[in-house]
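First the structure, in the form of C-alpha cells, and then the observations on it.
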Amino acid sequence: MQLIDSHLPRYHFSELHYLDIPADPSHAMAAILAHRPENDRFFRYAIKLRELPMRLLGQLRHRRADRPASFGMDNFTLLQRNGDTEIAYALAGKLWKADYGQVFVADAEAFRIFNEPGQVKLVISFSCRLLRPGLTRVTTQTRVHCLDADALRRFTSYWYLIRPVSGLIRRRMLKAIARRCASPTTEPIQGS
C-alpha cells in the first residue's frame, strides 16, 4: 500500500504526474527533500497572484510587517517517510479562502482525526520506484477529500480554477528534481 493510500484512501479530487529520472531512488529522494518550490520563479509568481486578494486586504488592515509569509513547503505537515521510496505531506482547512483557511495539523495522527465540517484534507506524496539500475520513476500525487457537501461545493470551483496551474507547478517540480539529480553535488540522504 502506498503512503497516500494509507493517509487519504477516500478522495474527491486527484492529480498525478511522473517523470523517469536517470538516478537511483536514494538520489531521487535526496533531490525531493532538497527541493523548495518557493525557489521557482513561476511558483512565486503563481503564489503572488493567488495571494493578491489577501495582500490587498492586509494593506488595508495591517502594517506591512504584519503580513503573513507567502505560501510554501513550510505550510505542509510531514505525515510519513518510507526510506528512499515515499514521502507524504498534508494540509487541512478551507484552502479556497484568500488566506488559505489553513488549519494546523501537528502530525499524522492529528491529520487522521481531523474532521471539521466545511473543510478539506489534502495529501501530496512523492514516490521513487526503481525501473532499472540508474533509472527511477518519480511520481507526485495530490489528493483532496472534502469533509462534507459544503466543502465539496466550495472546493470544486476552486479546484478547476487552480488545477491547470497546479499541474504545471508539479511538472516543473519534477523537472527541477531531475536537474538536481543530474548535478554531481547531489548526495543521497540516509533514510529515516
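The values are calculated or read from the model by the stated rules, or taken from the named source; none is laboratory data. Worth saying up front: this structure is predicted, and the values here are computed from it rather than measured. Glycine gets a Cβ as well: all are built from the backbone with ideal geometry, and neighbour counts include every protein chain shown.
Couple of notes before you dig in:
- Remark: pairs (first residue in segment 14-38, aliphatic (A, V, I, L, M); second residue assigned to a helix (DSSP H, G or I) and surrounded by fewer than 17 Cβ atoms within 10 Å (Cβ to Cβ); Cβ separation under 8 Å; 6+ apart in sequence or on different chains) = LEU19/ARG171; LEU19/LYS175; ALA23/ALA182.
So that you can scan it fast, the table gives a plain yes or no per residue for (1) surrounded by fewer than 23 Cβ atoms within 10 Å (Cβ to Cβ); (2) over 15 Å from THR85 (Cα atoms):
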site	(1), (2)
ASN115	yes, yes
GLN119	yes, yes
SER125	no, no
THR139	yes, no
LEU147	yes, yes
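- Scanning segment 4-41 for residues being assigned to a helix (DSSP H, G or I) and touching a Leu at 6+ places or on another chain (Cβ under 7 Å) gives a total of 2.
- Of all residues in segment 103-137, those being part of a strand (DSSP E or B) and not β-branched (Val, Ile, Thr) number 12.
- The set of residues in segment 79-97 that are closer than 20 Å to LEU152 by Cβ and not in a strand (DSSP E or B) comprises LYS94, LEU95, TRP96, LYS97.
- Restricting segment 6-19 to residues that are surrounded by 14 or more Cβ atoms within 10 Å (Cβ to Cβ) and out of contact with any Ser or Thr (no Cβ under 7 Å at 6 or more places or on another chain), the residue that is nearest to PHE126 (Cα to Cα) is LEU19.
- Listed by first and then second residue, the pairs with beta-carbon distance under 6 Å, at least 6 apart or on different chains, first residue in segment 73-85 and on the phi > 0 side of the Ramachandran plot, second at pLDDT below 95 and exposed (fewer than 14 other Cβ atoms within 10 Å of the Cβ), are GLY83/GLY191.
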